[in-house]
Amino acid sequence: MDAPPPETTPDAAAPLVIKILIAGGFGVGKTTLVGAVSDIQPLRTEARLSDRSLGVDDTSGVDNKSTTTVAMDFGRITLHHGLVLYLFGTPGQERFWFMWDELASGALGGVVLVDTRRLEECFPAIDYFERQRLPFIVAVNGFDGAIKHDTEKIRVALDIARDIPIVQCDVRERTSGKHVLLTLVEHVLALTTKPRPPAGIPVP
């Protein structure tokens, strides 16, 4: 007589996998964030900046940057048992934006990294997520020498809705990076579990 199949326990259940994007301007810290939090050796597609980049890539404010992401960064992190995040860092330069649609396929949310010294660099990412109706949060990366601004002042400057979380972070620190990701997951869950009005009642 064949033995009965083993019972499925919560420990044996397949993990919940969520794909998210890490977006923002050139040199804002996307690669650093993915590398700091990833449980695996991150996949990076970086190329060295050369003289050909002069006049094409705006390196003002990031003069010490010597490489740039030309395709994507990829990492993976398990936030807690049964929840795994696949992290896809997008390229920041305009000439690589054509890849964003491919990277965004299947994503449930995104993080827009912001450098307050170059706030305008993050607008394309915000515009993209809003057009795609993809939930996102804003993470303000604290650079040395950067002036710290009040969260609400940043919200006004970015012209984003009040229900979009804004968090301060240091992407070099794993704990800080994990806090950013947890904030995004909580935001996505809050939106997906938001009760819908009964049929026939207009949405305000």
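Values quoted throughout were computed directly from the atomic coordinates according to the rules given, and no laboratory measurement underlies them. This structure is a prediction, so every number in the text was calculated from the model and none was measured. Counting neighbours? That spans all protein chains shown, and the Cβs are built from the backbone with ideal geometry, glycine included.
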Packing-based order for 148-155, 126-133, 113-120, using average beta carbon neighbours within 10 Å, highest first: 113-120, 126-133, 148-155
Need one number: convex hull volume per residue for the stretch 91-173, Cα atoms only, in Å³. 107 Å³
